[in-house]
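The values are calculated or read from the model by the stated rules, or taken from the named source; none is laboratory data. The structure displayed is predicted, hence computed values, not measured ones. Here the Cβ positions follow ideal geometry from the backbone for every residue, glycine too, while neighbour counts run over all protein chains shown.
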Amino acid sequence: MLKMSILHRKNSLHYRTARGAYVGDLFMSLIQTCRANQANPFVYLLAVVRNPKAVIADPGRWMPWNYHQNLSPQAPAPA
């Protein structure tokens, strides 16, 4: 995990704006937090985007280490 952080720090020298650097750092932090908690970052982001009202109502229940407990079971596909 440290290797990815060092690589990100090196690559961050090429951001054009402070806003771009902020967004890059935000996503780097999110991705590394997901990886540290054995969560797929893409699946986590999809879950957060698909449940905006629940996330706003109780953000603590939608962290990478516990978000899967709040997902509703998928309905079986019609046969």
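Looking at region 48-72 only, could you name the residues that are in a loop (DSSP other than H, G, I, E, B) and modelled with pLDDT under 90? Please lay out each step first, then the result.
Within region 48-72, the first condition is being in a loop (DSSP other than H, G, I, E, B), and the residues that meet it are 51, 58, 63-66, 71-72.
Within region 48-72, 71, 72 qualify.
Among the residues of region 1-21 satisfying the criterion of being exposed (fewer than 11 other Cβ atoms within 10 Å of the Cβ) and part of a loop (DSSP other than H, G, I, E, B), which is modelled with the lowest pLDDT? Steps first, answer last, please.
Filtering region 1-21 down to residues exposed (fewer than 11 other Cβ atoms within 10 Å of the Cβ) leaves 1-3, 6, 10, 13-14, 16-19.
Going one step further and asking which of them are part of a loop (DSSP other than H, G, I, E, B), we end up with 1, 16-17.
Numbers: 1: 63, 16: 78, 17: 84.
Filtering first and then ranking leaves 1.
Would you please list the contacts, defined by Cβ atoms under 9 Å and residues six or more apart or on different chains, that run from a residue in region 22-38 that is loosely packed, with under 12 Cβ neighbours inside 10 Å to a residue that is modelled with pLDDT of 85 or more and aromatic (Phe, Trp, Tyr)?
36/65; 38/65
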